[in-house]
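Student: Dropping the structure in here first, questions after.
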Amino acid sequence: MPSITAAPDTIRRLTLSTLTLPLATPISDAKVFTGRQRPMTEVVFLFAEIITAQGHEGIGFSYSKRAGGPAQYAHAKDVAAAVIGEDPSDIAKLNLKLFWAGASVGRSGVATQALAAIDIALWDLKARRAGLPLAKLLGAHRDSVRTYDTSGGFLHASVPEIRERADRSLADGIGGIKIKVGLPDGAEDLRRVDAIRAHLGDDVPLMVDANQQWDRRTALRMGRRLEQYDLEWIEEPLDAEDAEGHAALARALDTPIATGEMLASVREHERLIDARACDIIQPDAPRVGGITPFLRLAALADHAGLDLAPHFAMEIHLHLAAAYPRETWVEHFDWLDPLFEESLETRDGRMLVPQRPGLGITLTEQARAWTTDSVTVGAD
């Protein structure tokens, strides 16, 4: 039987764009009520669009909340030329090449987040070229993933508003509800959780998220008070970098502990894993540098027996969660809906992996209109 050899391809052009997505309502979590941050009114995105010599295309994105968007865009522009002329199939090689092109600014934070948009675009391109959804290219364990709603549970929303939003989410096929806690008055947190659990009943998965606002003593005390509500997990009860504190809390409580979304490298997540600091790890591919490092992290987490619930960006994380060996969760946010022509389908408590090639996303004209700057490197 004759062998089939794919013709080599090269990256011809890379376009980077920054756009600002306005939020319909200012968003407040515990960091606002404790005075550490202002309400969030917009999200800044970095998009990378790649075209190869053979005409294959890929799109990826990273994002920043409240600060850092211009820095991501600036760093990506500085290093983007490193991939021009390279074979787009060599993603791990290109991820490393981009890292070394900007290594002087470090291995975490803005630098890795800027590279993430390009790395994700390369994976999207590879899956599109194969004619497969990204989950299938990676090797899916399932065609749908359990999903929970976060958009309606923020602290600026009243209990009646949260109840109404939860009812809509469940009717739309979303399976679980997450609400924010971490108010200066812990009794008010408990009142809100009690009201939502009573409204949902015992069968609907309920999660809470303190957004890093408790100290160790408060987290233990609140965690013990929250045990009665049979929560799916308590998220970010402590400072994101306090691996030892999270580990002690995970040992002390029956309720699972989830954390990891604010960490910006594989190495930082390794500390969580080595310390057994959580039951559910919550990496964010755009924050850790893209899909390439996310897959390394996921392998470590699976080896340690951890469950996975990636943070935000469901358009990316649905595919990655579907490819994780253990049953996972994916976070449903409606904030990004105006950016993409396609919608993700939810049914019976699960989010369905789309059958479109790659990530299965296309930018809307509205997204183009929100673009504030763009630059292209490579051939016209």
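The values are calculated or read from the model by the stated rules, or taken from the named source; none is laboratory data. Computed from a prediction, not measured in an experiment: that's the story for all the values here. A quick note on method: Cβ atoms are made from the backbone with ideal geometry, for glycine too, and the neighbour counts reach across all protein chains shown.
Student: Return the residues of segment 179-193 that are of a type in the set (D, E, K, R) and loosely packed, with under 15 Cβ neighbours inside 10 Å; say none if nothing qualifies.
Tutor: Filtering segment 179-193 for residues of a type in the set (D, E, K, R) gives 180, 185, 188-189, 191-192.
Hits for segment 179-193 are D185, E188, R191.
Student: What residue, of L300, L253, L308, L320, is modelled with pLDDT of 95 or more, closer than 20 Å to H141 by Cβ and surrounded by fewer than 24 Cβ atoms within 10 Å (Cβ to Cβ)?
Tutor: So the residue among L300, L253, L308, L320 that is modelled with pLDDT of 95 or more, closer than 20 Å to H141 by Cβ and surrounded by fewer than 24 Cβ atoms within 10 Å (Cβ to Cβ) is L300.
Student: Still on this structure: Does R347 satisfy the criteria of being in the same structural domain as M314 (by TED's automatic domain parsing) and either surrounded by fewer than 17 Cβ atoms within 10 Å (Cβ to Cβ) or closer than 26 Å to R168 by Cβ (or both)?
Tutor: The answer is yes for R347.
Student: Also: Can you pull out every residue in segment 106-121 that is among the hydroxyl-bearing types (S, T, Y) and surrounded by 24 or more Cβ atoms within 10 Å (Cβ to Cβ)?
Tutor: T112
Student: In segment 137-152, which residues are in contact (Cβ under 8 Å) with a residue 40 or more places away in the chain and of a type outside the set (A, V, I, L, M)?
Tutor: G139, H141, R142, D143, S144, R146, T147, Y148, D149, T150, S151
Residues are listed down the side, and each one gets a yes or a no for (1) of a type in the set (S, T, Y); (2) modelled with pLDDT of 95 or more; (3) surrounded by fewer than 19 Cβ atoms within 10 Å (Cβ to Cβ); (4) more than 30 Å from S89 (Cβ to Cβ):
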| site | (1), (2), (3), (4) |
| --- | --- |
| G153 | no, no, no, yes |
| V159 | no, yes, yes, yes |
| A171 | no, yes, yes, yes |
| I177 | no, yes, no, yes |
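Student: Another one. Give me the residue from segment 337-377 that is among the basic types (K, R) and within 27 Å of D203 (Cβ to Cβ) and, out of that set, nearest to the chain's Cα centre (by Cα).
Tutor: R350
Student: Being assigned to a strand (DSSP E or B) and farther than 20 Å from P357 by Cα is true for just one of R38, R12. Which residue is that? Steps first, answer last, please.
Tutor: Working: R38 fails: assigned to a strand (DSSP E or B).
Answer to the check: R12.
Student: Please report, ordered by residue number, the strands (runs of 3 or more DSSP E) entirely within segment 154-239 with at least 1 residues that are within 26 Å of D348 (Cα to Cα) and of a type in the set (D, E).
Tutor: Details: elements: 176-180, 206-209, 233-235.
Per the criteria, 206-209, 233-235.
Student: Also: Taking the stated definitions as given, is A379 of a type in the set (A, V, I, L, M, F, W, C) and either in contact with a Ser or Thr (Cβ under 7 Å, 6 or more places away or on another chain) or over 27 Å from L16 (Cα atoms) (or both)? Please lay out each step first, then the result.
Tutor: Details: of a type in the set (A, V, I, L, M, F, W, C): yes; either in contact with a Ser or Thr (Cβ under 7 Å, 6 or more places away or on another chain) or over 27 Å from L16 (Cα atoms) (or both): no.
So A379 fails the test.
Student: Further question: For segment 90-133, what are the residues that are in contact with a His (Cβ under 9 Å, 6 or more places away or on another chain) and without any contact (Cβ under 8 Å) to a residue 60 or more places away in the chain?
Tutor: Hits for segment 90-133 are G102, V105, V110, A111.
Student: Can you list residue pairs whose Cβ atoms sit under 9 Å apart, with the first residue in segment 53-80 being more than 13 Å from I118 (Cα to Cα) and modelled with pLDDT under 95 and the second being among the basic types (K, R) and assigned to a loop (DSSP other than H, G, I, E, B)? Count only pairs 6 or more apart in sequence or on different chains.
Tutor: R66/R38
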